[in-house]
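Participant: Before we start, here is the structure in question, set down as structure tokens.
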Amino acid sequence: MLKLLISLILSILSIQQSRASISFGNVQIAEERIDLFTSDFETVVNVPGVKVTAKLIKNTIEWVRDEDVLLIPRGRIAIRIEDGAKDLHIRYEKKSLIMQSISQKAHIEFYVSLYQSKPIEVFDGNKKLGEIKVKAKRVASDREAHLIDYSCAQYFVEIKGLENDFLSLGCRSSNIGEFGKQKKMVEIIWMSANHQLLDNSTGPYISVFFESHPIKTKVINPHTGQIKYVEISAKIPSRYHRLKTALGLGPYEFTSSNSESEKSSDKVAPSFMFYGKLDFDQSNSLRFFDALVWQKSYFNNFGLYYAYDLALILDRRLLFTALIGVQHVSYRFDPGTPTISELMLPQGLEMVYKHPFGLKNYSMAIGGFIDPGNANFYKNVWLRFGKKIFYEINYISWENKDNDEQEASMWGLSVGFPFLSFF
């Protein structure tokens, strides 16, 4: 049943992400990160001998995520051709579009990419009559015009030289080199609304970083012929480690018992947490944790889990991860009683919201483990917030009815911080 559900989710996601272009077919709609209006663009019509009108329709701008990392705006354009238009058609992005004819007038509406100056061509049969272009206006200096996607947040990407032009940047990374000596290769995918490379290609363009040295290039405004220098900088880590660990410390309220008549009162006790994650790739990892708390009683919970990402939705910011593995519990009520050890198979699910409240590189996670097949009771839920240093509220409850009603529960707030990294 679980495999069937996973396959269904992955199938839906692959359908949603498959598309023909920014303008046509299924697209991945993204959230709006900067304000953009149809008044920021102008439509230029150059079709001699034919009466053509074209304009962007108000309130039709939406952002589309391209190549999973680059946000590109599109808007719906309305084109009307007067008189004798029955043999005319439109060509855009290598697509031939047939117009509707009503009372000798032809009309069509479709989406155009606002950051790619691709012409909308008007044809009569196989003869090109002219073209229509949409271009961005100059941006006021006090207005936010550069959209740097969250995928670039960890690399602190900056771009200089196009301060008065709309542009968008996204980042995609991969690991290169031998195992144990790997580095990050970061592709910065970017495009400008009004500037192109000198070969007149319309983008997106890719700047590849192996180290933290800036990349410089020339661009040209095809409307004015003005040439500018562009500089893109990023901070690339010198090493990539597959295995990362962290420690956590904090006060927890701890309750324990070994029978109905012997039960310790709720006490504040020190807790120690150890976390580890070994990455296989971007979607699969091996995770482990250990939670230890004691006062008079001693309680230790260790878990080892294979984690794989099920779905990434809401503009790639909400991640669902399945956790399949095993846990071990050690418990001793007091120094005069024997230690109980139990191997369990609770399975878990974690939901992570990336960059909450617009805080770059932060994450907020909620997750839990359940063990429906065990007669003994176990529950583990957590809420985590932060980035390198994080805060976690954790509740763990365990019962063993086979050994004189042994039980323990702990909950509290801990602070986590990076420890050692390997490989």
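Participant: Pairs needed: first member in segment 403-423, among the acidic types (D, E); second member anywhere, surrounded by 14 or more Cβ atoms within 10 Å (Cβ to Cβ) and at pLDDT below 90; C-beta distance under 6 Å; at least 6 residues apart or different chains.
Facilitator: D404/N258; E407/S257; E407/E399
Participant: Tell me which residues, restricted to segment 17-67, are touching a residue at least 60 places away in the same chain (Cβ under 8 Å), open to solvent by less than 30 Å² (accessible area, probe 1.4 Å) and not polar (S, T, N, Q).
Facilitator: Within segment 17-67, I22, A30, I34, L36, D40, F41, V47, V52, A54, L56, R65, D66 qualify.
Participant: Looking at segment 387-398 only, could you name the residues that are surrounded by fewer than 16 Cβ atoms within 10 Å (Cβ to Cβ), part of a strand (DSSP E or B) and of a type outside the set (A, V, I, L, M, F, W, C)? Can you show your working first?
Facilitator: Applying the first criterion (surrounded by fewer than 16 Cβ atoms within 10 Å (Cβ to Cβ)) to segment 387-398 yields 387-389, 391, 393, 397.
From what's left, part of a strand (DSSP E or B): 391, 393, 397.
Matches in segment 387-398: Y391, S397.
Participant: Right, next: Quick one: count up the residues across segment 412-423 that are buried (at least 17 other Cβ atoms within 10 Å of the Cβ) and either aromatic (F, W, Y) or more than 27 Å from the chain's Cα centre (by Cα) (or both).
Facilitator: First, the residues of segment 412-423 that are buried (at least 17 other Cβ atoms within 10 Å of the Cβ): 412, 414, 416.
Those still in the list that are either aromatic (F, W, Y) or more than 27 Å from the chain's Cα centre (by Cα) (or both) too: 412.
Looking only at that region, the number is 1.
Participant: Within segment 331-386, can you find the residues that are open to solvent by less than 30 Å² (accessible area, probe 1.4 Å) and within 25 Å of the chain's Cα centre (by Cα)?
Facilitator: Scanning segment 331-386 gives G348, E350, V352, H355, P356, A365, G367, G368, F369, W382, G386.
Participant: Taking only segment 68-87 into account, find how many residues are open to solvent by 80 Å² or more (accessible area, probe 1.4 Å) and touching a strand residue (DSSP E or B) at 6+ places or on another chain (Cβ under 7 Å).
Facilitator: 3
Participant: Would you say K184 is open to solvent by 10 Å² or more (accessible area, probe 1.4 Å) and in contact with a Ser or Thr (Cβ under 6 Å, 6 or more places away or on another chain)?
Facilitator: Here the answer is yes, as K184 does meet what is asked.
Participant: Scan segment 168-181 for residues that are under 21 Å from H146 (Cα atoms) and open to solvent by 60 Å² or more (accessible area, probe 1.4 Å) and jot them down.
Facilitator: R172
Participant: Residue by residue through segment 16-67, note down the ones that are among the charged types (D, E, K, R) and farther than 26 Å from Y205 by Cβ.
Facilitator: Listed by number, the residues that qualify are K51, K55, K58.
Participant: Go through segment 189-213 and give me each residue that's part of a strand (DSSP E or B), open to solvent by 40 Å² or more (accessible area, probe 1.4 Å) and over 22 Å from S21 (Cα atoms). It would help to see each step written out before you state the result.
Facilitator: Of segment 189-213, the ones part of a strand (DSSP E or B) are 189-192, 196-197, 205-209.
If we keep only those that are open to solvent by 40 Å² or more (accessible area, probe 1.4 Å) too, we end up with 197, 206, 208.
Correct list: V208 only.
Participant: Then there is this: Give all pairs with beta carbons closer than 6 Å in which a residue from segment 204-215 that is within 16 Å of N175 (Cα to Cα) meets a residue that is open to solvent by 60 Å² or more (accessible area, probe 1.4 Å); count only pairs at least 6 apart in sequence or on separate chains.
Facilitator: S212/K235
The values are calculated or read from the model by the stated rules, or taken from the named source; none is laboratory data. Treat the numbers as computed from the prediction; the structure is a model and nothing was measured. Don't worry about glycine lacking a Cβ; one is built from the backbone with ideal geometry, like all the others, and counts go over all protein chains shown. Surface accessibility is based on the protein's heavy atoms, side chains included, excluding ligands, DNA and RNA. Shrake-Rupley method; radii C 1.70, N 1.55, O 1.52, S 1.80 Å.
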